Amino acid sequence: MKMNHNPTETKLQFPKGFLMGAASAAHQVEGDNINSDWWYWEQQGRLPKSGLACDHYHKFDEDFALAQQIGLNAMRISIEWAKIEPEEGRWNSAAIEHYKKVLQSMKARGLTRMVTLWHWTLPKWMADKGGFETHAGVEAFARYTWFVAQNLGSEVDLWVTINEPEVYTNGGYRQGIKPPFKKSLLLSRRVMQNLAEAHIRAYKAIKSSLGDAPVGMAKNNVYYEPYRKYNWLDRLTTYVVDQISNHYFLEKTQKHMDFIGLNYYFYSKLKFDYKKGFEEMNHNFNYGQLSLEDSINRSDMGWVLYPKGIYEVLLALKKYRKPIYITESGLADSTDTRRPKFLRETLGWVRQAMDEGVDVKGYLYWTLTDNYEWQNGYEPRFGLIEMNYDTQERKVRPSAKVFKEITYV
Ligand code: BGC
């Protein structure tokens with residue numbers, strides 16, 4: 001179908017029942033994740049300290065009340081494996097009771113509950129045994145999933161098994177910037193294989209425990225374009241990279257997936273290179289490398305802002321014939337000057353993809369409150385709600401008003 005309107009001018013209108021919410025992850029907001037591998041590396045001085053984070057472990061109800069107040073009807077949270085199974089085989093019933101309360105509070109605040117089982121942090125014992133480098137790690141994850149499904153199953157509406165397999169393996173096993181700080185092509189491949197299996201095992205564990213509860217994963221897809229539109233080498237490179245990074249994992253796991261969770265952040269132009277294979281031409285900088293003249297079309301992270309990219313990656317997912325939830329989309333913008341436009345345009349493009357037949361069921365902005373941005377610490381500000389980490393005060397940013405502009409028909 002041809003584009004019939006400019007999505008940026010469209011009134012934000014979504015079908016009734018569409019999930020409109022925000023996403024978060026346990027380690028980034030809860031605080032005191034003392035039995036995790038990340039915490040260990042933080043104490044070793046390899047990573048910024050997360051400490052109390054947003055103290056969401058205690059302030060969850062306040063956060064969900066704010067989510068409701070700004071007009072959201074869903075939240076994606078993650079539960080922390082290191083808190084539920086702090087030692088191998090020892091299940092912490094207090095943590096389970098805690099998450100029960102968290103999930104009940106979400107329900108009371110009118111929020112549909114999407115729960116991620118694993119968002120990058122491992123229990124320290126599991127990391128010591130090689131994490132997802134080993135098959136035992138896959139078994140451990142399946143056991144943990146089964147336990148959670150049995151104990152929290154009635155309080156979860158939608159399950160996400162794992163978060164962004166490629167970002168995890170690239171950061172931890174290729175670039176060596178995230179735990180376990182390794183650089184090995186062999187290991188990164190093995191971890192990818194094991195994560196695919198971990199997803200499938202978790203899918204089966206949830207199904208056998210809970211019957212038809214919907215299960216998916218959060219897949220990070222990038223919108224790639226050839227740098228030179230008519231250069232066949234650039235086009236071929238783009239095709240190959242797109243297949244490997246966007247589709248390989250989905251193709252391996254699609255039979256065990258009720259929906260696709262899409263995390264979209266990146267737009268990338270690829271140029272063929274004889275030595276390196278390819279070069280990325282609109283560099284998505286690392287945090288801190290941003291130059292001033294660039295900042296207009298980039299987030300504070302240095303990442304190019306391209307709302308239309310979400311439409312392109314959504315169309316490319318149509319072939320899987322699955323419902324899609326956008327499980328993350330967002331930007332770091334401490335001044336909150338780019339966020340309103342980004343949100344309106346992004347939602348407009350999501351709507352356009354829906355008009356062209358993509359079955360999108362929900363949009364979860366990353367993230368509700370500013371939080372611990374992994375190896376970049378607390379400086380990047382992704383939140384709809386501003387955090388004062390000294391006082392733990394929350395302040396709703398003006399951009400959050402965009403959610404009240406939406407009508408559901
Ligand atoms: C991750 C989040 C992270 C966000 C922004 C995603 O890759 O799932 O945990 O905070 O991107 O970097």
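Work the Kirkwood hydrodynamic radius out for the chain: mean of 1/r over every pair of different alpha-carbon atoms, inverted, in Å.
Computed over Cα pairs of the chain, the Kirkwood hydrodynamic radius comes out at 21.6 Å.
Quick check on the stretch 264-409: take the gyration tensor over C-alpha atoms, sort the square-rooted eigenvalues as a ≥ b ≥ c, and tell me if it's rounded (a/c under 1.5), prolate or oblate.
Judged from the Cα gyration tensor, the stretch 264-409 comes out oblate (a/c at least 1.5, b/c at or above a/b).
Determine the dipole magnitude for the chain: charges of +1 sit on the beta-carbon of Lys and Arg, -1 on that of Asp and Glu, nothing else is charged, the reference point is the Cα centre, and the result goes in debye to the nearest 20.
1080 debye
Which value, in Å², gives the accessible area per residue of the chain when a 1.4 Å probe is used on the protein heavy atoms?
Averaged over the residues of the chain, the accessible area is 42 Å².
How big is the Cα convex hull of the stretch 1-123 in projection, averaged over all directions, in nm²?
Mean orientational projected area (the stretch 1-123, Cα hull): 10.9 nm².
With a 1.4 Å probe and all protein chains kept in place, how much accessible area does GLU97 have, in Å² rounded to the nearest 10?
Ignoring ligands and nucleic acids, GLU97 comes out at about 90 Å².
Summing -39500 (n - 2.57) over the DSSP H runs of n ≥ 4 in the chain and dividing by its residue number, what mean residue ellipticity at 222 nm do you reach, to the nearest 500 deg cm²/dmol?
-10500 deg cm²/dmol
Pulled fully out, how much extra length does the chain show between VAL240 and SER93, if you take 0.36 nm times their separation in residues and subtract their Cα-Cα distance?
Stretched fully, the VAL240-SER93 segment lengthens by 48.2 nm.
Given a 1.4 Å probe and every protein chain left where it sits, what share in percent of the accessible area of the chain is carbon and sulfur?
Ligands and nucleic acids excluded, carbon and sulfur reach 51 percent.
Take ASP55, ASP370 and sort them by solvent-accessible surface of the protein heavy atoms, 1.4 Å probe, largest at the top.
So the residues, ranked largest to smallest area, are ASP55, ASP370.
Taking the full set of protein chains and a 1.4 angstrom probe, give the accessible area of GLU312 in square angstrom, rounded to the nearest 10.
Spelled out: GLU312, probe radius 1.4 Å, area about 50 Å².
Just name one of TRP159, TYR144, HIS98: the one whose Cα is farthest towards the positive end of the charge dipole of the stretch 87-161 (beta-carbon charges, Lys/Arg +1, Asp/Glu -1).
The residue sitting most towards the positive pole is HIS98.
Please work out the FRET efficiency for the pair GLN104 and LYS204, using the Cβ-Cβ distance as r and a Förster radius of 35 Å; give the result to the nearest 0.05.
0.80
Rounded to the nearest 10 Å², what accessible area does ARG189 show when all protein chains are kept and the probe is 1.4 Å?
Solvent-accessible area, nearest 10 Å²: 150 Å².
Go from 0 up to the bin containing the longest alpha carbon distance in the stretch 161-316, width 10 Å each, and give me the % of pairs per bin.
The percentages, shortest bin first, are 10, 32, 37, 17, 4, 0.
The values are calculated or read from the model by the stated rules, or taken from the named source; none is laboratory data. Since the model is a prediction, treat every value here as computed from it, not as a measurement. So basically every Cβ, Gly included, is an ideal-geometry build from the backbone, and we count neighbours across all protein chains shown. SASA here: full protein model, heavy atoms, side chains in, ligands and nucleic acids out. Shrake-Rupley method; radii C 1.70, N 1.55, O 1.52, S 1.80 Å.
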